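Please read the structure below before turning to the comments.
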Amino acid sequence: MLNLAIGTKSLLNENTTRPITNKILIMIIKSLIIIAFILILISLGSALFHLINRKEGEQSKKTLRDLTFRIGLSMLLFIFLFIAVATGIFTPHGIGEGMQMQKPIQAKAVN
């Protein structure tokens, strides 16, 4: 986990052991991820608009530009999320974790 402190003074919250700057950093990262998702949706909508209202070759270039931008942004977002999970900034949780903790169920033999 990142341990950020301002100067030599550690900014610890009374309730947790995580520095306040880490919480701010995580909130900034989550905000950037949400903004990236919104930009991906806007780019996809723009490409759809240019695809539907195609009149000349220029519209095809706009569609290609928008879809290329979306693919590039999606790849950057995927790489960023992979690095965030690998470095411990984000920790996976939820359904997958619970499924991995369960022991496999063995089938009962029918006589």
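Computed quantities for the displayed model
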| item | result |
| --- | --- |
| Considering residues of the range 14-58 that are among the β-branched types (Val, Ile, Thr) and not in a helix (DSSP H, G or I) only, the residue modelled with the highest pLDDT | 17 |
| Extreme residue, nearest to the chain's Cα centre (by Cα), among residues of the range 64-82 that are over 15 Å from residue 32 (Cα atoms) and either among the hydrophobic types (A, V, I, L, M, F, W, C) or not in a helix (DSSP H, G or I) (or both) | 71 |
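The values are calculated or read from the model by the stated rules, or taken from the named source; none is laboratory data. This structure is a prediction, so every number in the text was calculated from the model and none was measured.
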